[in-house]
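S.K.: Take a look at the following structure, please.
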Amino acid sequence: MKLYAALKGYPSDLMSKEVHKILGLIQLESKKNSLAESLSGGMKRRLMLGIALVGESKLLILDEPTSGLDPEARRAIWDLLQSIRTERTILLTTHFMEEAEYCDRIAIQDAGKILALGTPKDIRSMV
């Protein structure tokens, strides 16, 4: 994570504190000295989210951030994304309508064409 923070231009004197904070947010503090290859699939998914978050990125582009996670881990990620949505712009893809409900705007796409665009309330009223 320090490498990614450095690539994003994050100040080196603040890097350890930032990485520690992010590890706490993604609930991987106990794995801070583990190699990524030794992590479970769900832990790797959370690590990738942590890499996106590190360095105070203002724009997060997430491709199915909770895919393959158990319901408890999925809920923890949704709660985390909810807690940071006022500080960052989050663009994500998902197959879970429940996950899309956390978004301000939803676009439903099929074969590269947008079929519906609006707030979660707008989308529910279309169905």
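The values are calculated or read from the model by the stated rules, or taken from the named source; none is laboratory data. What you see is a predicted model; the values in this text were computed from it and never measured. All Cβ positions, glycine included, derive from the backbone under ideal geometry; neighbour counts span all protein chains shown. Heads up: the accessible areas ignore ligands, DNA and RNA and are worked out on the full protein's heavy atoms, side chains in. Shrake-Rupley method; radii C 1.70, N 1.55, O 1.52, S 1.80 Å.
S.K.: Restricting the search to the stretch 104-120, which residues are without any contact (Cβ under 8 Å) to a residue 12 or more places away in the chain and on the phi < 0 side of the Ramachandran plot? Step through it out loud before you land on a result.
M.R.: Our first condition is that a residue be without any contact (Cβ under 8 Å) to a residue 12 or more places away in the chain; within the stretch 104-120, this holds for 107, 109-116.
Within the stretch 104-120, Ala107, Gln109, Asp110, Lys113, Ile114, Leu115, Ala116 meet the criteria.
S.K.: Picking from Thr86, Thr66, which residue would you name as being crowded, with 18+ Cβ neighbours inside 10 Å and without any contact (Cβ under 8 Å) to a residue 60 or more places away in the chain?
M.R.: Details: Thr86 fails: crowded, with 18+ Cβ neighbours inside 10 Å.
After ruling out the rest, the residue left standing is Thr66.
S.K.: Condition test on Leu60, is it touching a strand residue (DSSP E or B) at 6+ places or on another chain (Cβ under 7 Å), closer than 24 Å to Lys8 by Cα and aliphatic (A, V, I, L, M)? So that I can check it myself, show each step before the final result.
M.R.: Details: touching a strand residue (DSSP E or B) at 6+ places or on another chain (Cβ under 7 Å): yes; closer than 24 Å to Lys8 by Cα: yes; aliphatic (A, V, I, L, M): yes.
The answer is yes for Leu60.
S.K.: Next question. Which residue, of Leu35, Leu91, is in contact with a strand residue (DSSP E or B) (Cβ under 7 Å, 6 or more places away or on another chain), open to solvent by 100 Å² or more (accessible area, probe 1.4 Å) and not acidic (Asp, Glu)?
M.R.: Numbers: Leu35 fails: in contact with a strand residue (DSSP E or B) (Cβ under 7 Å, 6 or more places away or on another chain).
Criteria check complete, one pass: Leu91.
S.K.: Scanning for something exposed (fewer than 13 other Cβ atoms within 10 Å of the Cβ), hydrophobic (A, V, I, L, M, F, W, C) and farther than 19 Å from Lys44 by Cβ, does the stretch 94-112 turn up at least one residue?
M.R.: Taking the stretch 94-112 and keeping what is exposed (fewer than 13 other Cβ atoms within 10 Å of the Cβ), we get 95, 98, 104-105, 109-112.
Next, only the ones that are hydrophobic (A, V, I, L, M, F, W, C) stay: 111.
Going one step further and asking which of them are farther than 19 Å from Lys44 by Cβ, we end up with 111.
Yes, the stretch 94-112 contains at least one residue that is exposed (fewer than 13 other Cβ atoms within 10 Å of the Cβ), hydrophobic (A, V, I, L, M, F, W, C) and farther than 19 Å from Lys44 by Cβ.
S.K.: Here's another thing I want to ask about it. Filtering the stretch 1-32 down to residues that are part of a loop (DSSP other than H, G, I, E, B) and touching a residue at least 24 places away in the same chain (Cβ under 8 Å), which residue is surrounded by the fewest Cβ atoms within 10 Å (Cβ to Cβ)?
M.R.: At the first step, the residues of the stretch 1-32 found to be part of a loop (DSSP other than H, G, I, E, B) are 1, 8-11, 26-28, 32.
In the following step, the residues that additionally are touching a residue at least 24 places away in the same chain (Cβ under 8 Å) were identified as 1, 8-10, 26-27.
Values: Met1: 21, Lys8: 12, Gly9: 7, Tyr10: 18, Ile26: 24, Gln27: 15.
For the stretch 1-32, the residue satisfying everything is Gly9.
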